[in-house]
Amino acid sequence: MAKMTVNVISYVLKRTVDLTVVIPTPTIPESMGMMGKEPARHTPKAKYPVLYLLHGMGNNHATWTGYTNVEFFAEERNIAVVMMSGENKAYIDNDRDAFFRFISEELPDLVTGLFPISHRKEDTFIAGLSMGGYGTLIHALRQPERFAALGAFSAACDGMGETTAENDPYTAAKESAAAGKTFPKMYIACGDKDFLFEPNLKFQQKMKDLGADVTWVPVEGFGHEWRFWNQQIEAFLDWIPREDPYAENGHSKRRQI
């Protein structure tokens, strides 16, 4: 796996933004010729599917790879992961910053332009924890045409005090449903000791009532904690629907690393 820290000038935010990008590369067994007759190469046979992975409040672009094994999980499953520093701005637009526009327009333009990453909806996923779970929901439910699936872990799904279609996940979902849009497949997980458990329980039911395909994963004994999120990011990567050349039978195919 290649892990890169990218510092780039954003034409939307008008300042530099930090990203961590992980891209599958030849493994040691592949480099030693143990996995087949073809020699290892850095040019991929096809563009990689991508997960846009959002951090929680107080975190940054490096926190997911610092506290979880997401880099290892992504390498096993031949999927790229893009993580950005969203500050504490909840991934939405306000009077000073346009984080929603950055994620919806500039970030995919950047990563599909610079890296061997697919732009197809079928290969594009979004997930996040806590504030990042809120950002995941608002982006995927306002623009369901962009993503094949979403993962919301311990999500602040009550809208973080917002009630508008622009910034409240359920209001956005209702408007998308009324417009005849199809929701991405949804994976919603929360520990039963988490202070956000009841809001998540209610939210997933409301999404089911709107006709969404929801996988609800309540887990006993966990609170708002990294052990839970490390567990769930691996489960989510195995759960997501895959139609790319690196998949097998519609799901990720693990490789020896």
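The values are calculated or read from the model by the stated rules, or taken from the named source; none is laboratory data. Quick caveat, the model's predicted, so the values are computed rather than measured. Positions of Cβ are generated from backbone atoms using ideal geometry, with glycine treated the same way; all protein chains shown enter the neighbour counts.
Taking into account only those residues within region 150-173 that are over 29 Å from R242 (Cβ atoms) and of a type outside the set (S, T, N, Q), which is modelled with the highest pLDDT? Within region 150-173, the match that is modelled with the highest pLDDT is D168. Taking region 93-110 as the range and being crowded, with 21+ Cβ neighbours inside 10 Å and either assigned to a loop (DSSP other than H, G, I, E, B) or within 14 Å of the chain's Cα centre (by Cα) (or both) as the test, only I103 passes.
For region 54-64, indicate whether the set of residues that are within 23 Å of W239 (Cα to Cα), without any contact (Cβ under 8 Å) to a residue 40 or more places away in the chain and crowded, with 16+ Cβ neighbours inside 10 Å is non-empty. Steps first, answer last, please.
Taking region 54-64 first, the residues within 23 Å of W239 (Cα to Cα) are 54-56, 63-64.
Going one step further and asking which of them are without any contact (Cβ under 8 Å) to a residue 40 or more places away in the chain, we end up with 63.
Right, trim to crowded, with 16+ Cβ neighbours inside 10 Å and you get 63.
Within region 54-64 (the criterion being within 23 Å of W239 (Cα to Cα), without any contact (Cβ under 8 Å) to a residue 40 or more places away in the chain and crowded, with 16+ Cβ neighbours inside 10 Å), the answer is yes, since at least one residue qualifies.
Matching residues to (1) more than 24 Å from F197 (Cα to Cα); (2) assigned to a helix (DSSP H, G or I); (3) not charged (D, E, K, R):
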| residue | (1), (2), (3) |
| --- | --- |
| N59 | no, no, yes |
| E71 | yes, yes, no |
| E76 | yes, yes, no |
| Y91 | no, no, yes |
| T112 | yes, yes, yes |
| G132 | no, yes, yes |
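I'd like to check something: does region 184-197 contain any residue that is touching a helix residue (DSSP H, G or I) at 6+ places or on another chain (Cβ under 7 Å) and either without any contact (Cβ under 8 Å) to a residue 24 or more places away in the chain or not in a strand (DSSP E or B) (or both)? There is at least one residue in region 184-197 that is touching a helix residue (DSSP H, G or I) at 6+ places or on another chain (Cβ under 7 Å) and either without any contact (Cβ under 8 Å) to a residue 24 or more places away in the chain or not in a strand (DSSP E or B) (or both). Screening Y52 on (1) at pLDDT below 95; (2) closer than 20 Å to F228 by Cα; (3) not basic (K, R) shows it passes everything except condition (1).
Note on region 119-141: residues that are surrounded by fewer than 22 Cβ atoms within 10 Å (Cβ to Cβ) and in contact with a helix residue (DSSP H, G or I) (Cβ under 8 Å, 6 or more places away or on another chain) amount to 3.
Considering every residue within region 31-48, establish whether at least one is of a type in the set (A, V, I, L, M), touching a helix residue (DSSP H, G or I) at 6+ places or on another chain (Cβ under 8 Å) and within 22 Å of A127 (Cα to Cα). There is no residue in region 31-48 that is of a type in the set (A, V, I, L, M), touching a helix residue (DSSP H, G or I) at 6+ places or on another chain (Cβ under 8 Å) and within 22 Å of A127 (Cα to Cα). Within region 5-25, restricting attention to residues that are assigned to a loop (DSSP other than H, G, I, E, B) and buried (at least 17 other Cβ atoms within 10 Å of the Cβ), the residue that is modelled with the lowest pLDDT is P24. I'd like the full set of residues that are under 18 Å from D158 (Cα atoms) and surrounded by 23 or more Cβ atoms within 10 Å (Cβ to Cβ), limited to region 173-185. Within region 173-185, just A173 meets the criteria.
Can you tell me which residues in region 192-218 are closer than 19 Å to A235 by Cα and either modelled with pLDDT under 95 or in contact with a Lys or Arg (Cβ under 9 Å, 6 or more places away or on another chain) (or both)? Of everything in region 192-218, those that are closer than 19 Å to A235 by Cα and either modelled with pLDDT under 95 or in contact with a Lys or Arg (Cβ under 9 Å, 6 or more places away or on another chain) (or both) turn out to be D213, V214, T215, W216.
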